[in-house]
Amino acid sequence: MLYPKHYQDSLTNSMDYWNAQARALDWFTFPAQTLSLDEENLARWYAGGTLNTSYLCLDYHVKNGRADQLALIYDSPVTDTKATYTYRELLAETARFAGVLQQQGIAKGDRVIIYMPMIPQVVFAMLACARLGAVHSVVFGGFAAHELAIRIDDAKPKLILAASGGMEIDRIVPYKPIIDAALAEAKHQPGACIVYQRSFIHADLKPGRDHDWTTLLDNAKPATYVPVDATDPLYILYTSGTTGQPKGIVRDNGGHAVALYYSMKYIYGVEPGDVYWAASDVGWVVGHSYIVYAPLLYGCTTVLFEGKPIKTPDAGTFWRLIEAYKVKVFFTAPTAFRAIKKEDPEGVLKQQYDTSHLKYLFLAGERTDMATLQWCENMLQVPVIDHWWQTESGYPMLANMTGLGLQKIKPGSAGLPVCGFDIQILDPAGQLLANGEEGAVAVKYPLPPGCLTNLWQDTPRFKASYLEQFPGYYFSGDGGYKDDEGYVYITGRMDDIINVAGHRLSTAEMEEVVAAHPAVAECAVIGVADELKGQTPVGFFSLKTGVTQSEADIEQALIQLVRNTIGPVAAFKRAVQVERLPKTRSGKILRKIMRAIADDIPFNPPSTIEDITVLDELRILMKEKRVGGGA
Ligand code: COA
Ligand code: AMP
C-alpha cells in the first residue's frame, strides 16, 4: 500500500516531497525555495519560481500532443446547447479574450470580477485573467447585488466581466440589473464592464462604461502568457465567515498548480486524457479547482454542465452525461443525489444509461449520509468516496487517495488525511484529544501547497480567523473525531456557518439583514436539519413594541429582504415570531441550544441561562410551526 509511506514522507520529509511534486510542472524558472516565510511570517510555497497557470493548462498541452484532444465539453440542458473545445480551440479562445483584457488595460496584479453563469465564456475569462497574471474573483450567480457590492469594494476590480443572464431550470435570471444595482451601491467603481449577451436575454449597456463582449472580441488580437511568481495571487474567492463581511480567500499560482496537479493523480486516480466531471458551479471552490484548473493542468477533458441534477429535464441528467461523455471520475455534493433519489428512488432512469466508464464517485460539500452513500453505491456499482475540504484548502484535506491504492471506505468518515495535512483533534485548550473524542479539527501549520495563503489585504483577520485559536495550527472551523485507524469523522461546523444544499452560508450575515427590518427587535437565524438540503436557515424574531403588522406579513417581508440582499441561494424561506429568545444573563443568544431543540438533539442548558422556561416555550412553538426534525 503506497498511502502510508507517502503520507509519512509528506510530513517528515515535507520539503523533498513537495519539491519532487513541483517537478511535474513545466516552470519557466524552477523555484529556488520549496517553503519559506514571508514578511508577515506566513508560509509561502515555491518562492523564486516563475510560471503561468494558463500556459500550464493550455499552451503546454498544445505543444505536447494534446492539441486535438477535447479540453472542455459544455452541456446545457437548460438552453438545449452543447459545444466542445479541443485544447487548441480553448487556447485560441482564451488568448483572444486575454487580448480583449489587455486592450482594456488589464495587467498583472489587476483584479477582475467575474459574475457569470456556467457557460464556456466564464472558463475563457478565468484562464485569460491567469494568462495576464490578473487576479480573478468569481462571484456566484445566486448572490444578490449587495453581496456583489461587498466583493467589489473589497477586491477593487479594474473590470467586471458578466453575462446578460442565467437560466435557473426555466427561470431567466437577468444579471445586468444586479450588476447595475451593485455598482450603484459600491464605493469602488471599476473602469469598465464587459457583457456577454446570451440569446434569451438582452442586457442594456451603459454607454461609456459597458462594452459588448463579442464586439470587443472581434477586434482583439491574441495575447500571450505573462510569467508570474509562484507566490503571486491567481485568484480571490470570497466565502462566508462568521460576520457579515465575507472572507477573500487568496490562492497563489505555484502552490495551487502543484497541489491540483498532484490531486488529480493521487486523490482522484485519473490519467491525462480521461474525462473528469465536477457538477458544481464555477462560483464555488469546487468549480475553480475541479471544473477549471485541475482537469486542465492534468490534461484531462472537463465537463461544464449548466443544469441541475433534477428537472433539467429529469432526474436522469447525471446518468445521461456520464454515459455520453464516458466520464471516468464524477464529483458532486450529496444533496444532488438526495434530490435525484427523491424523484427516482428506484433508479428507473438510471437503467436507460450505460455508466460503465465511471470508476469513482467523489462526494463533498457536506457529510455524506449513510442512505445516500448506499444508494449511490447501488446505482453505480463503483466506490463512493466522501472527502472533506473547504474553500480555504482548495482541494481535499481528508480523502481516500485512490491513486495511492484505494483504502477501506468507512461510511460516515471523510477518510484519511491527504498527504501534507497533519490533522489533529483538539480540545478547547488546544490539547490533543484521544481517538473517539470529539473536538476541533485542526491542521498543523504550515499547510501544504495549494491552500489559502492569506485573506485579501487582511492579514490580521487571516491570523485571527485561522491561526490564533490554536497556536501552531490552522483551525478549520469544523468539529470531528478520529477512530483508531486514523479515519476522521467530520461532525459539523463549530461556528455559525451553515451548509445549505452544499452551499456555505453565514447565519450571521442573514441575521444582519433580518435585524435591519424596522419591526424586528431581536433575531436569531439558525441552520435546521433538512432532508434534502442538509440544512436550511430559519429565522426567529421578536417585535418592537407597538408593531401591528401580522406575523405572516413580516415573515414574507423578511424572506424577500434576505433574497434581495444576500440572494436566492440563501434559501431563506422561514421566519418565526417569538415572544423572546433564549439568552444568557449577559445577553448572548443561545443559538446552539435553539439548533438542538429544532433538531431534537439532547443538550444541557448552561447555568448562565437567563430564564430556563424560554426553552419550553420555544420547543412548543417549533412543534406548532413545524420547524425542524424535533417538530
Ligand atoms: N443564479 C441565480 N439563482 C440561483 C443560482 C444562480 N447561479 N443558483 C441557485 N439559484 C437560486 C435557485 O434558483 C433557487 O431559487 P428559488 O428559491 O427561487 O427556487 C435558490 O437559488 C436555491 O438554489 P439551490 O440551492 O440550487 O436549490 P434548488 O432547490 O434550486 O435545487 C438542488 C436543489 C439540491 C438540486 C441543488 O441545490 C443542487 O444541485 N445542489 C448541488 C450543489 C453543488 O453542487 N454544490 C457544490 C459543492 S460540490
Ligand atoms: P466550502 O468552503 O463552501 O467548501 O465549505 C466547507 C465546509 O463544508 C467545511 O468546513 C465543512 O463544514 C463542510 N464540508 C465539506 N465537505 C465535507 C464533508 N465531506 N463532510 C463533512 N462536511 C463537509
Antiparallel bridges, percent of DSSP beta bridges restricted to the range 501-625 (to nearest 5): 80
Accessible area (Å², per residue) of the chain, counting only protein heavy atoms and a probe of 1.4 Å: 38
Contact order normalised by residue count of the chain, Cα under 8 Å, 6+ apart, percent: 12
Proximal charge balance of Thr317 [Cβ under 10 Å; K/R count +1, D/E count -1]: +1
Principal axis dimensions, the range 323-406 - Cα atoms, whole angstrom, descending: 37, 25, 20
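Given axes a ≥ b ≥ c from the Cα gyration tensor, I'd like to know whether the range 334-383 is rounded (a/c under 1.5), prolate (a/b larger than b/c) or oblate.
On the way: a/c = 2.00, a/b = 1.20, b/c = 1.67.
Oblate.
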Alpha carbon Rg of the range 72-181, scaled by the compact-globule rule 2.2 N^0.38 Å: 1.09
DSSP-defined beta bridges in the chain - what % are antiparallel, rounded to 5: 65
Net charge of Cβ neighbours under 12 Å - reference Lys82; Lys, Arg +1; Asp, Glu -1: -2
Cα centroid of the range 190-268 to Cα centroid of the range 533-570, whole Å: 33
Antiparallel content of DSSP bridges confined to the range 214-323, in %, to 5: 75
Heavy-atom SASA rank of Glu579, Glu366, Glu323 (probe 1.4 Å, accessible area, largest first): Glu579, Glu323, Glu366
Prolate/oblate/rounded label for the range 501-625 (Cα gyration tensor, a/c 1.5): oblate
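Can you give the Rg to Rh ratio for the range 6-131, taking only C-alpha atoms and Rh from Kirkwood?
On the Cα set of the range 6-131, Rg over Rh gives 1.06.
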Net charge of neighbours whose Cβ lies under 13 Å from the Cβ of Ala570, counting Lys and Arg as +1 and Asp and Glu as -1: +1
Reference-scaled alpha-carbon Rg (2.2 N^0.38 Å with N residues) for the range 152-311: 1.19
Space enclosed by the convex hull of the alpha-carbon atoms of the chain, per residue, Å³: 155
Relative contact order (percent, whole number), the range 194-327, Cα cutoff 8 Å, 6+ residue spacing: 15
Size of charge dipole - the chain - debye, nearest 20, with Cβ of Lys, Arg +1 and Asp, Glu -1, no other charges: 680
Relative contact order of the range 501-625, defined on C-alpha pairs under 8 angstrom at six or more residues apart (%): 22
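The values are calculated or read from the model by the stated rules, or taken from the named source; none is laboratory data. Just so it is clear, the structure is predicted and the values come from calculations on it, not from any experiment. Glycine gets a Cβ as well: all are built from the backbone with ideal geometry, and neighbour counts include every protein chain shown. Accessible surface areas use protein heavy atoms only, side chains included; no ligands, DNA or RNA. Shrake-Rupley method; radii C 1.70, N 1.55, O 1.52, S 1.80 Å.
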